[in-house]
Amino acid sequence: MDANKGKADQATPNPGGQMGKSVVLPFMESMLPKAVKRRVHALKRLQEQCAHIEAKFYEEVHELERKYATLYQPLFDKRREIVAGAVEPTDEECEWPIDEDEEDELAEEVKEKVTIEDAKKEEATPEEDPKGIPDFWLTIFKSVDMLSDMVQEHDEPILKHLRDIQVKFSEPGQPMSFTLEFHFEPNGYFNNAVLTKVYKMKSEPEASDPFSFEGPEIIDCEGCQIDWHKGKDVTVKVIKKKQKHKGRGTVRTVTKQVPNDSFFNFFNPVKASPDGEMDEDSELNLTTDFEIGHFFRERIISRAVLYFTGEALEDDESFEEEELEEGDEEEQDEEGDEDDEEGEADSKKEQPQPAECKQQ
């Protein structure tokens with residue numbers, strides 16, 4: 001998390017935690033006179049106290065999030081009912097202003113897709129009056145790069161049964177955490193009605209490095225046991241292997257289960273090591289898991305319809321492009337500076353320097 005961001009941004013958990021932080025040696029401090037160094041130590045003690053107060057601030061922010069979650073929930077419940085087709089919104093609820101330019105652009109896009117859609121109709125005729133909003137969450141998963149990388153083809157029929165995703169915050173007095181709940185309709189793949197993922201957090205400065213504190217951080221996560229129907233577990237695959245007996249030369253075929261790529265591995269995460277010692281791959285997987293959990297909580301759940309329509313994706317892409325353009329400009333400026341310096345050097349060789357410069 002960027003230490004330069006405001007309090008509102010810092011109130012969200014730091015997915016990466018303290019992994020890979022760099023230590024800046026206090027060279028300046030070592031060069032100070034003893035009396036000044038003594039006063040700097042007093043300032044550090046004050047700074048440490050500030051870090052602990054800041055930690056309390058974030059604990060109260062967490063309580064505020066929990067309070068407002070109850071206000072959002074009725075709206076999210078209504079969203080779930082509309083998506084599932086349990087209720088039909090009224091004409092008034094469906095009113096949404098569309099400006100003429102946007103309508104014209106949409107009309108042009110529709111025209112361009114007519115040929116493709118006609119070809120698809122020959123293969124499969126869509127329902128004239130589908131129930132709710134079909135494949136709402138699956139469409140979101142396939143649209144967002146961070147999630148589409150996780151979703152395999154064999155996951156898609158299962159995710160069609162996903163009806164809602166909710167976030168629940170820890171109760172007052174309990175350790176800070178949030179739980180992602182994935183609600184499924186009855187299906188032929190597993191018995192669970194809800195799959196859960198708990199993200200444990202902490203909001204306190206490290207005793208060994210209190211000045212690195214930048215807000216709450218996710219420190220661990222726990223998945224859940226999926227009660228798969230027989231032969232439906234997509235997180236494993238069965239492979240057959242031939243084995244030859246060394247003595248008799250006979251050959252036999254054995255089968256065994258091996259891990260398989262699947263979105264549902266999300267519910268069987270890598271566990272954080274109690275001593276903090278992890279290999280590079282495990283640490284990367286855990287950090288990525290924290291980022292995905294944070295993304296579900298902060299973006300996907302609260303802005304689901306905008307990811308379904310693609311509007312949130314456009315916002316994300318615009319932000320990335322803006323960052324890239326700024327980087328390009330810096331690079332171009334550096335290159336331009338080099339060119340300017342070379343040009344100035346050539347110019348100085350060819351032309352006599354002003355009297356001022358010669359005096360310098």
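The values are calculated or read from the model by the stated rules, or taken from the named source; none is laboratory data. Note that the structure is a prediction, hence the values are computed from the model and not measured. Surface accessibility is based on the protein's heavy atoms, side chains included, excluding ligands, DNA and RNA. Shrake-Rupley method; radii C 1.70, N 1.55, O 1.52, S 1.80 Å.
Surface analysis of segment 150-305 yields an accessible area of 56 Å² per residue, using protein heavy atoms and a 1.4 Å probe. Taking θ as phi - 60° and the Karplus parameters 6.51, -1.76 and 1.60, the scalar couplings of segment 196-212 work out to 10, 9, 9, 10, 8, 10, 9, 9, 7, x, 5, 4, 7, 8, x, 7, 7 Hz in sequence order, x denoting glycine and proline. Summarising the amide proton neighbourhood of residue 221: residues at separation of 5 or more, or on other chains, whose placed amide H is nearer than 5 Å comprise 200, 272. When the C-alpha to C-alpha distance is required to be over 20 Å, the pairs from 67/142; 160/240; 168/230; 78/142; 56/202; 197/237 that qualify are 67/142; 160/240; 168/230; 78/142; 197/237. Length gained on full extension, residue 69 to residue 212: 48.5 nm, using 0.36 nm per residue less the C-alpha separation.
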